[in-house]
1. Kindly indicate the residue of the stretch 153-181 that is farther than 18 Å from Ala197 by Cα and out of contact with any Phe, Trp or Tyr (no Cβ under 6 Å at 6 or more places or on another chain) and also surrounded by the fewest Cβ atoms within 10 Å (Cβ to Cβ) among those meeting that condition.
2. Give me a count of the residues in the stretch 47-68 that are touching a helix residue (DSSP H, G or I) at 6+ places or on another chain (Cβ under 7 Å) and either crowded, with 19+ Cβ neighbours inside 10 Å or among the hydroxyl-bearing types (Ser, Thr, Tyr) (or both).
3. Filter the stretch 167-200 for residues that are under 18 Å from the mean Cα position of the chain (by Cα) and aromatic (Phe, Trp, Tyr); which is nearest to Asn136 (Cα to Cα)?
4. Filter the stretch 148-203 down to the residues that are outside any helix (DSSP H, G or I) and of a type outside the set (Asp, Glu) and list them by number.
5. Could you check the stretch 20-101 for helices (runs of 4 or more DSSP H) lying wholly inside it with 2 or more residues that are under 26 Å from Ala127 (Cα atoms), within 18 Å of the chain's Cα centre (by Cα) and at pLDDT 95 or above?
Amino acid sequence: MRPKFLHINLNRKLWLLTLLLFYCLNPSYTQESQATGQDIEYHFDKARELGNKNKIEPALEELNTAMEIAFKNNDQKALIDTYHKFAILYLRLQKDESAEYYADRSKSLLKDISYPYGEATHKYIDAIISYRDGKNFLAISMLNEAKQINNDRNLLNNILFVEGIIFLNLEKYESATKNFNALAVNTDIYEKDYLAAKAHIKLAEINNSTQNYE
């Protein structure tokens, strides 16, 4: 008769083997478990996803959580990123005053540290505010400066989109079409479909304006 303790030991080994196989066959489980509530990037990703689906309130909640974590960790760069994401979301809602409030908060922090990505994002936000004020050429200049500071692919794609809108406002249809065509086949790891969809809508607007109805 097999001793009882041996039976328990075998059961434990079988359980561990089953657990190991589960993790190996489900890598996404491990990745999701690492994306805890204390991971700022996790909240950034959720806010981006929700914002792109026009679920604004939940997106703002995610950014509030990210801001609390950044404060707790005294992470100045994460705090700057959070303020910028607030500003961009409020710009989308046409709430420019709220956007400028968060942009100003990030600007004060950027004075004390070297953070190229933060500086580039700030110029991107300032460019949007400027073209809405009718300062199209100033906005284009700011976007060009932002492109020189940082090469983050997602930021560059969003700069390309805003630049295309400015060209469209100036009736520079050829330049605008070039930008939107590039975004229609983009390889962005965060917003590929979202950017492509927006680009196709703008291409439709251009063709409508130029009476290319087909």
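The values are calculated or read from the model by the stated rules, or taken from the named source; none is laboratory data. This one's a predicted model, so the numbers in the text were calculated from it and none came from an experiment. Because the Cβ atoms are built from the backbone with ideal geometry, glycine has one as well, and the counts that use them run over all protein chains shown.
1. Top of the filtered list is Glu174.
2. Within the stretch 47-68, residues that are touching a helix residue (DSSP H, G or I) at 6+ places or on another chain (Cβ under 7 Å) and either crowded, with 19+ Cβ neighbours inside 10 Å or among the hydroxyl-bearing types (Ser, Thr, Tyr) (or both) number 9.
3. That would be Tyr194.
4. Step one: of the stretch 148-203, the residues outside any helix (DSSP H, G or I) are 150-152, 170-172, 185-191.
Residues satisfying the conditions are Asn150, Asn151, Leu170, Lys172, Val185, Asn186, Thr187, Ile189, Tyr190.
5. Working: elements: 27-34, 40-52, 56-73, 76-92.
Those helices (runs of 4 or more DSSP H) span 40-52, 56-73, 76-92.
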